[in-house]
Amino acid sequence: MNLSRFLNQTDTIAVSLSQTALRAFIHEMARTLPESGRENFLQKLQSIQEGTSLFGLSEFDTSELRGQIAALEDALAAIEHGEVCLTGTWIEGYNDWNDDGEYRFSDPDCLLDTIEDACCLAHRCVDAELYQEGYELFVRLMALEVTTDGDYCDYTGGSMEWGELLHYDLVLVDKREFTLEALYAAWRALPLIKRPPVLFDIFKTASVKDLTLESLLQSGEEELPQWDEFLPQWIEYLGSQTGDLALKLLEEALALQDEEILFLEAARRFVEVHPQLYGQLLQQGLTAGRDKEMLAIGEEALQKIAPTYQVRSEAALLAALYALRLGQRKVAEKCWLEAFRSDTNIVNFLRLRTECGDFSQYRVSVKEIYEQLYQKAELRTDDISAAQRENRLYKTTYYALSFFDGEFKRVLDKGMNVKESLGWSSTFMKTGLALFLLYLYKGDVLRPGLRQMCQMAVDALSFRAEAYEQGLNAMETADSPEDTSSRAEQEPEMTDQEWEEEGAVLQEDTQLILSSSMLSEKDSDLSLFWHCFLTWRKDMPMTAAKEEQLLGRLAKWIDRRTEAIIEKSRRGYYRECAAFLAALGEVKEYGGAGGEKEELLQSYRQKYSRRRAFHEELRLFGMLDTHRKR
């Protein structure tokens with residue numbers, strides 16, 4: 001309850017009390033008063049008795065508060081004009097928990113006292129229903145740029161904004177409560193037509209996590225005036241503003257309307273600025289039981305949202321889900337294609353490639369999409385909202401798509417044409433080696449080296465099972481009604497004896513040899529990727545001569561890489577080299593006489609006989625320890 005309302009209610013009750021009741025109340029107040037306040041209490045009581053008191057039953061006098069604001073004007077102006085400043089000094093860390101150091105600030109001009117006084121006055125203005133004065137103070141404070149010197153000035157360029165003052169605890173106010181009061185003061189001070197831009201600017205400047213318009217509604221004791229008239233204007237304004245904050249507040253405002261038809265109208269009206277609204281509407285409809293209507297909205301979204309926006313992919317996957325619910329698998333497949341068109345990544349490709357009944361009818365379209373997108377090579381803008389991020393194809397994804405499209409020569413000649421054996425991290429070399437080794441391996445069970453190759457591909461291509469399963473109905477997958485974990489369980493498991501016979505005795509704690517049937521839930525990304533890879537591999541034959549030629553090329557790359565890493569003592573890459581060698585040996589060994597992997601690993605142990613750290617990595621991938629008794 002603010003001060004003005006409190007005084008009004010107090011006066012109303014006091015007028016109705018008898019003299020005896022008032023005496024009893026004064027006696028009780030005096031009895032419970034702290035000792036420090038007793039003298040002041042008696043002085044006020046005596047002044048009323050003598051008729052010299054300035055207090056009465058009139059309305060709250062706000063002139064003193066206005067006078068205090070005026071008295072603070074010069075000090076605030078001095079801060080705004082840079083006439084006073086803070087000094088920031090960098091203090092080096094001196095212990096384990098403060099080893100990065102910190103800034104310490106001195107305030108020779110006492111400007112922080114001025115700012116705290118202004119915060120207090122802004123609060124008192126709202127309390128006294130001086131909303132215009134309070135609003136002006138709040139906005140002024142939040143727009144402050146405090147001049148700094150010293151180390152902090154050298155680091156930042158000379159000024160400190162409102163958020164930084166709070167971050168460094170230089171102004172001790174509750175950021176959330178301060179912002180709520182600023183919003184409330186603005187609401188009460190401004191006419192309806194001016195509220196939306198000002199309130200949005202306060203939200204944006206304050207940057208308080210999870211602060212919403214509903215927070216403002218819930219903070220007061222009564223409803224905000226003109227709420228019903230304000231909400232449509234608020235929605236219209238937010239619909240014209242870009243950025244994640246505008247989208248979040250717009251979604252909240254539409255939810256407060258609680259009418260689906262209005263949400264759909266807003267999605268149509270603001271599709272160019274906030275295309276994500278269609279996705280939100282489709283997501284809300286998942287439990288509504290109106291799949292046919294939702295599919296129509298999804299197809300409308302694919303027509304209205306620009307294909308270059310990644311968010312269109314989300315709408316496409318939701319539309320695919322509704323199509324599958326309705327038994328319209330062909331429609332779902334076209335939606336998967338549109339998802340790939342707007343977010344051209346490996347997950348969307350492998351979903352389309354694996355789940356379609358006949359992928360051949362989409363092959364030409366898929367190729368056109370990723371080829372044309374890569375040729376544009378437009379840079380994505382980073383300062384726009386998530387809803388407007390544009391689709392872009394990076395080099396790694398482009399060459400991975402070329403690989404899955406069977407363009408092996410292009411990948412080898414252009415994607416893996418690095419002459420140096422070091423500096424591979426920003427190239428396609430590692431991912432390309434991993435994919436080609438997996439391709440040349442004819443087995444279904446992932447052995448340790450090849451499992452590392454599979455994991456390398458999963459990580460490099462950002463393949464996630466959760467993302468793959470978006471837009472799929474669990475009962476409508478192409479191969480079986482089971483989930484991805486059950487797919488893994490269909491893989492054969494090798495016994496301990498079989499592993500030992502193949503020279504794959506590993507330390508028990510490494511847990512690197514895992515067949516698909518042994519994959520835990522945390523390995524679902526790898527399991528599903530391997531399932532998709534096996535499905536794709538069946539349709540991509542290669543002659544034995546070309547396989548042998550390719551394997552020789554991979555072996556040379558791996559050998560040169562290993563030699564360069566060990567010569568430069570890059571111990572952080574020893575395990576990676578050991579994994580490549582193990583995978584190469586596993587490819588050679590499958591279907592052969594056996595022992596090729598062990599022979600290969602032992603040859604590298606002998607070649608680098610003094611590199612014991614490298615030997616440990618080789619043993620981790622199955623090389624027998626010839627120095628340890630069996």
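Residues of region 434-469 that are surrounded by fewer than 24 Cβ atoms within 10 Å (Cβ to Cβ) and among the basic types (Lys, Arg): Lys442, Arg464.
Scanning region 164-189 for residues that are part of a helix (DSSP H, G or I), open to solvent by less than 40 Å² (accessible area, probe 1.4 Å) and not hydroxyl-bearing (Ser, Thr, Tyr) returns Leu165, Leu166, Phe178, Leu180, Ala182, Leu183, Ala185, Ala186, Trp187, Ala189. Ala301 falls short of the stated requirement of being among the small types (Gly, Ala, Ser) and either assigned to a loop (DSSP other than H, G, I, E, B) or surrounded by fewer than 20 Cβ atoms within 10 Å (Cβ to Cβ) (or both). Scanning region 272-298 for residues that are open to solvent by 20 Å² or more (accessible area, probe 1.4 Å) and either assigned to a helix (DSSP H, G or I) or of a type in the set (A, V, I, L, M, F, W, C) (or both) turns up Val273, Gln276, Gln280, Gln283, Gln284, Leu286, Thr287, Ala288, Asp291, Lys292, Glu293, Ala296. Listed by first and then second residue, the pairs linking a residue in region 201-221 that is under 15 Å from Leu256 (Cβ atoms) and in a helix (DSSP H, G or I) to a residue that is open to solvent by 50 Å² or more (accessible area, probe 1.4 Å) and among the basic types (Lys, Arg), with Cβ atoms under 9 Å apart and 6 or more places separating them unless they lie on different chains, are Ser215/Arg176. The single condition from (1) buried (at least 19 other Cβ atoms within 10 Å of the Cβ); (2) modelled with pLDDT of 50 or more; (3) more than 30 Å from Arg611 (Cα to Cα) that Thr562 fails is (3). Within region 360-377, the set of residues being more than 29 Å from the chain's Cα centre (by Cα), among the β-branched types (Val, Ile, Thr) and open to solvent by less than 90 Å² (accessible area, probe 1.4 Å) is empty. Across region 298-337, the qualifying residues are those that are out of contact with any Phe, Trp or Tyr (no Cβ under 8 Å at 6 or more places or on another chain) and polar (S, T, N, Q), and the one among them that is farthest from Arg351 (Cα to Cα) is Gln303. Selection over region 424-433 of residues that are open to solvent by 10 Å² or more (accessible area, probe 1.4 Å), part of a loop (DSSP other than H, G, I, E, B) and either under 14 Å from Ala579 (Cα atoms) or in contact (Cβ under 8 Å) with a residue 40 or more places away in the chain (or both) gives a count of 0.
The set of residues from region 574-595 being among the charged types (D, E, K, R) and open to solvent by 50 Å² or more (accessible area, probe 1.4 Å) comprises Arg575, Lys588.
Of Ala30, Ala78, Ala14, Ala21, all but one fail to be open to solvent by less than 60 Å² (accessible area, probe 1.4 Å) and at pLDDT 90 or above; the exception is Ala78.
For region 180-202, the set of residues classified as farther than 14 Å from Glu133 by Cβ, among the basic types (Lys, Arg) and touching a helix residue (DSSP H, G or I) at 6+ places or on another chain (Cβ under 7 Å) consists of Arg195 only.
Residue-by-condition table, conditions (1) of a type outside the set (Gly, Ala, Ser); (2) surrounded by 12 or more Cβ atoms within 10 Å (Cβ to Cβ); (3) touching a Phe, Trp or Tyr at 6+ places or on another chain (Cβ under 6 Å):
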site: Thr535; (1), (2), (3): yes, yes, no
site: Ala555; (1), (2), (3): no, yes, no
site: Ile566; (1), (2), (3): yes, yes, yes
site: Gly572; (1), (2), (3): no, no, no
site: Leu601; (1), (2), (3): yes, yes, no
site: Leu618; (1), (2), (3): yes, yes, no
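When Tyr309 is tested against (1) surrounded by fewer than 24 Cβ atoms within 10 Å (Cβ to Cβ); (2) farther than 12 Å from Pro275 by Cβ, just one condition goes unmet, and that condition is (2). Anything in region 190-206 that is out of contact with any Leu (no Cβ under 8 Å at 6 or more places or on another chain), crowded, with 18+ Cβ neighbours inside 10 Å and modelled with pLDDT of 95 or more? List them, or say none. Arg195, the sole residue that qualifies.
The values are calculated or read from the model by the stated rules, or taken from the named source; none is laboratory data. Owing to the predicted nature of the structure, the values given are computational and were not obtained by experimental measurement. Note that we place each Cβ from the backbone using ideal geometry, even for glycine, and neighbour counts take in every protein chain shown. Just so you know, the surface numbers come from the protein's heavy atoms only, side chains and all, with ligands and any DNA or RNA stripped out. Shrake-Rupley method; radii C 1.70, N 1.55, O 1.52, S 1.80 Å.
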